[in-house]
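So the structure is just underneath, and the comments pick up after that.
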Amino acid sequence: MNVRFLPSGDTAVVVEFGDRIARELSDRVLRLSALVRASNMPGVVETVPTFRSLMVHYDPLATDSASLIAAIENLLDSNRSETKPVKRWRIPACYAISHAPDLEEVAQRTGLSAEEVVRLHGGTDFHIYMIGFVPGYPYMGDLPESLVLPRRADPRIRVPPGSIAIAGHMTGIYPLESPGGWHLIGATPIRLFDLRRPQPALLSAGDAVRFEPVTVREFDAVRAAVAADAYHVPCETIAA
């Protein structure tokens, strides 16, 4: 396995597995992240998985980059594996035009009907590669090939929180109002990021997501339940 170690300031090391987005690279990143956390390495503060690399933050008063790299190399050379069951979240998604401003354009550009776009998107188990861009934003793949489109030529200045979007081979959910250049094909009423929770980000790298289509009325009912702190996103455990 070709692996590169790159310094990131004086408190982090990046372990790079490749130069592309691919599920097998994501699996390696997530496996190493789990191994590092399970090994209780001295000085390790946090691991941050990305598409093709793992950033390992450390306390420079407790360890140094050379010691940390040597310990990680030992993990990579060992036959140890650290697997955990995968959480699959079932996220309510409203694909009605009132919540999906780009759905008809996406259908037109892909040569599909709006119903086919919804069926393909809602019928896919998505893998969360990483969390980034804004707090709690999940980069999820892999989008069915027939839905793959480049980003919008005219990014929006404001995208409403809960917007479900696609671009390239990815789909995502905007947790907060922010700029965005992806195609908006639906919306969810759930909170993806909430500072009142012990772990503010609902989703994590390595989780799976399935979108469950709901009507506008059901969307409003879930939104009201979320506002009253009376809604829990359905989640099940599946084999890794």
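The values are calculated or read from the model by the stated rules, or taken from the named source; none is laboratory data. Computed from a predicted model, the values in this text were never measured in an experiment. Reconstructed Cβ throughout: ideal geometry from the backbone, glycine too, with neighbour counts over all protein chains shown. In case anyone asks, the SASA skips ligands and DNA or RNA and just uses the protein heavy atoms, side chains included. Shrake-Rupley method; radii C 1.70, N 1.55, O 1.52, S 1.80 Å.
What nm distance separates the two modelled labels at Asp154 and Arg119, each placed 7 Å from Cα along Cα→Cβ?
That separation, rounded to one decimal, is 3.2 nm.
Is the shape of the chain rounded, prolate or oblate, going by the alpha carbon gyration tensor and its root eigenvalues a ≥ b ≥ c, with a/c under 1.5 for rounded and a/b larger than b/c for prolate? Kindly include the intermediate steps, with their values, before the conclusion.
Details: a/c = 2.14, a/b = 1.79, b/c = 1.20.
Prolate is the answer for the chain, as a/c is 1.5 or above and a/b outweighs b/c.
Under a 5 Å amide H to amide H cut-off, with H placed in plane at 1.01 Å, what residues pair with Met55 once short-range neighbours are removed?
Val15, Val48, Thr50
Where does the chain land at 222 nm, in deg cm²/dmol rounded to the nearest 500, when only DSSP H runs of n ≥ 4 count, each adding -39500 (n - 2.57), divided by all residues? Intermediate results must be reported in sequence, preceding the final value.
Numbers: 5 runs with 59 residues, N = 240.
Taking each H run of at least 4 residues, the total per residue is -7500 deg cm²/dmol.
Check which residues have an amide H placed less than 5 Å from Ile91's amide H, if you skip close sequence neighbours.
Arg210, Phe211, Glu212
Leaving ligands, DNA and RNA out of it, report the carbon-plus-sulfur percent of the accessible area of segment 42-117 at a 1.4 Å probe. Can you show the working numbers first?
Working: 2080 of 4190 Å².
Heavy-atom surface of segment 42-117 belonging to carbon and sulfur, 1.4 Å probe: 50 percent.
Which residues' amide hydrogens lie under 5 Å from the amide hydrogen of Ser178, considering only partners 5 or more residues apart or on another chain, with H built in the peptide plane?
Amide H neighbours of Ser178, under 5 Å, 5+ apart: Val159.
Stretch Glu145-Glu236 to full length: gain in nm at 0.36 nm per residue minus the Cα-Cα span?
Values: separation 91, 0.36 × 91 = 32.76 nm, distance 2.66 nm.
Net length gain for the segment: 30.1 nm.
Determine the gain in length on full extension of the stretch Leu76-Ala224; use 0.36 nm per residue of separation and subtract their C-alpha separation, reporting nm with one decimal.
Details: separation 148, 0.36 × 148 = 53.28 nm, distance 4.76 nm.
Full-extension gain reported as 48.5 nm.
Would you kindly find the accessible area of Tyr231, with a 1.4 Å probe and non-protein molecules such as ligands, DNA and RNA excluded, rounding to the nearest 10 Å²?
Around 70 Å² of this residue is reachable by solvent.
When only Cα pairs under 8 Å and 6 or more residues apart are kept, what is the percent relative contact order across segment 167-233? Walk me through the numbers on the way to the answer.
Values: 32 pairs, mean separation 18.8, N = 67.
So the answer I get is 28 percent.
Of all beta bridges DSSP finds with both residues in segment 82-240, what is the antiparallel percent, to the nearest 5?
Values: 24 of 31 bridges.
Bridges in segment 82-240 that DSSP calls antiparallel: roughly 75 percent.
Residue by residue through segment 54-66, which ³J(HN,Hα) values in whole Hz follow from phi under the Karplus form 6.51 cos²θ - 1.76 cosθ + 1.60 (θ = phi - 60°), with glycine and proline marked x?
Result, ordered by residue: 10, 8, 10, 8, 9, 8, x, 7, 10, 7, 9, 4, 5 Hz.
Apply the Karplus curve 6.51 cos²θ - 1.76 cosθ + 1.60, θ = phi - 60°, to the phi angles in segment 187-201 and return the couplings in whole Hz, x for Gly and Pro.
Along segment 187-201, the couplings run 7, 10, x, 7, 9, 8, 9, 8, 5, 6, 7, x, 10, x, 7 Hz.
Leaving out ligands, DNA and RNA but keeping every protein chain, what accessible area does Ile157 have, in Å² rounded to the nearest 10, with a 1.4 Å probe?
Number for this one is 140 Å².
Using θ = phi - 60° and the Karplus curve 6.51 cos²θ - 1.76 cosθ + 1.60, what whole-Hz ³J(HN,Hα) does each residue of segment 22-29 get, with Gly and Pro shown as x?
Once θ is set to phi - 60°, the couplings for segment 22-29 become 8, 5, 5, 5, 4, 4, 5, 4 Hz.
Peptides 193-201, 92-100: what's the order by average Cβ count within 10 Å, highest mean first?
Numbers: 193-201: 10.9, 92-100: 20.0.
Top to bottom by mean Cβ count within 10 Å: 92-100, 193-201.
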